[in-house]
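Novice: Okay, here's the structure, questions in a sec.
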Amino acid sequence: MANSGLQILGFALSLIGLIGLIIGTILPQWKMSAYVGDNIITAIAMYEGLWMSCAFQSTGQIQCKVYDSILQLNSALQATRALMIVGIIVTAAGLGVACMGMKCTNCGGDDKTRKSRIAMAAGIIILIGSLCAIIACSWYAHDIIQAFYNPFTPVNTKYEFGSAIFIAWAGSFLAVVGGGMLSASCPRGKSTPKYPISRPPSSKEYV
């Protein structure tokens, strides 16, 4: 029963993590304009995401533009895109496999050992997907930090972390915890005697 509860908790955390990964990937606030130097007071806030860049004006108007060409993007953005998509697909696949391996479902049959192995494999798949997302977020964050501290970067083009990257990071770590819980569903082998147990003869055999 305790193992079943651990599986349900791991599945729920992985599902919440997957939702966070999807939301973080879609949102354009991966990096926002940094208010440093002479750029402290401005009427426009610039945001850039994986798919578009947006300008938020103080009047409340929002103008977004989708990136025209993939080839014009830098290598960090292209790698982050690819790793986030791979992470979402792999994590979703792991959740699908987990539905067949959890004890509270009837998809994978009645063999408890087999279902435990399926759940463990699902946890490993989710871990792989979440690690891809963590690498993507960390790579993008490193690119932001490197450009921020670069002395040749103009002050008005410096960016800092946006809210979307933190959402993606949180979703990744939740998926890691959930995948780890599902991976803990390793079947425990039962020790079976190698030789048949000899039973003492009953009293009826001497009658």
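The values are calculated or read from the model by the stated rules, or taken from the named source; none is laboratory data. This structure is a prediction, so every number in the text was calculated from the model and none was measured. Virtual Cβ from ideal backbone geometry, glycine too; neighbours counted across all protein chains shown. These accessible areas exclude ligands, DNA and RNA; they are computed on the full protein's heavy atoms, side chains included. Shrake-Rupley method; radii C 1.70, N 1.55, O 1.52, S 1.80 Å.
Novice: Do we have Thr80 as touching a residue at least 24 places away in the same chain (Cβ under 8 Å), open to solvent by 50 Å² or more (accessible area, probe 1.4 Å), assigned to a helix (DSSP H, G or I) and not small (Gly, Ala, Ser) here?
Specialist: Working: touching a residue at least 24 places away in the same chain (Cβ under 8 Å): yes; open to solvent by 50 Å² or more (accessible area, probe 1.4 Å): no; assigned to a helix (DSSP H, G or I): yes; not small (Gly, Ala, Ser): yes.
Answer is no for this residue.
Novice: Another question, then. Of a type in the set (S, T, N, Q), closer than 17 Å to Asn3 by Cβ and surrounded by 15 or more Cβ atoms within 10 Å (Cβ to Cβ) - does that describe any residue in segment 124-145?
Specialist: Going residue by residue through segment 124-145, those that are of a type in the set (S, T, N, Q) are 130, 138.
Next, only the ones that are closer than 17 Å to Asn3 by Cβ stay: none.
The answer is no, given that none of the residues of segment 124-145 is of a type in the set (S, T, N, Q), closer than 17 Å to Asn3 by Cβ and surrounded by 15 or more Cβ atoms within 10 Å (Cβ to Cβ).
Novice: What pairs come out if I take residues in segment 158-180 that are closer than 15 Å to Ile145 by Cα and pair them with residues that are in a helix (DSSP H, G or I) and aromatic (Phe, Trp, Tyr) whose C-beta lies under 7 Å away, six or more apart or interchain?
Specialist: Close Cβ pairs satisfying both conditions: Lys158/Phe148; Tyr159/Phe148; Glu160/Phe148; Ile165/Tyr140.
Novice: Touching a Phe, Trp or Tyr at 6+ places or on another chain (Cβ under 6 Å) and either modelled with pLDDT of 90 or more or surrounded by 18 or more Cβ atoms within 10 Å (Cβ to Cβ) (or both): does that describe Ala92?
Specialist: Details: touching a Phe, Trp or Tyr at 6+ places or on another chain (Cβ under 6 Å): no; either modelled with pLDDT of 90 or more or surrounded by 18 or more Cβ atoms within 10 Å (Cβ to Cβ) (or both): yes.
No, not satisfied.
Novice: What's the total number of residues in segment 20-45 that are over 11 Å from Met84 (Cβ atoms), surrounded by 15 or more Cβ atoms within 10 Å (Cβ to Cβ) and modelled with pLDDT of 85 or more?
Specialist: Looking only at that region, the number is 6.
Novice: Within segment 55-65, identify whether any single residue is within 30 Å of Asp143 (Cα to Cα), open to solvent by less than 30 Å² (accessible area, probe 1.4 Å) and over 23 Å from the mean Cα position of the chain (by Cα), and answer yes or no.
Specialist: Of segment 55-65, the ones within 30 Å of Asp143 (Cα to Cα) are 55-58, 60-65.
Within this subset, residues satisfying the condition of being open to solvent by less than 30 Å² (accessible area, probe 1.4 Å) are 55.
With the extra rule that they be over 23 Å from the mean Cα position of the chain (by Cα), the set shrinks to 55.
There is at least one residue in segment 55-65 that is within 30 Å of Asp143 (Cα to Cα), open to solvent by less than 30 Å² (accessible area, probe 1.4 Å) and over 23 Å from the mean Cα position of the chain (by Cα).
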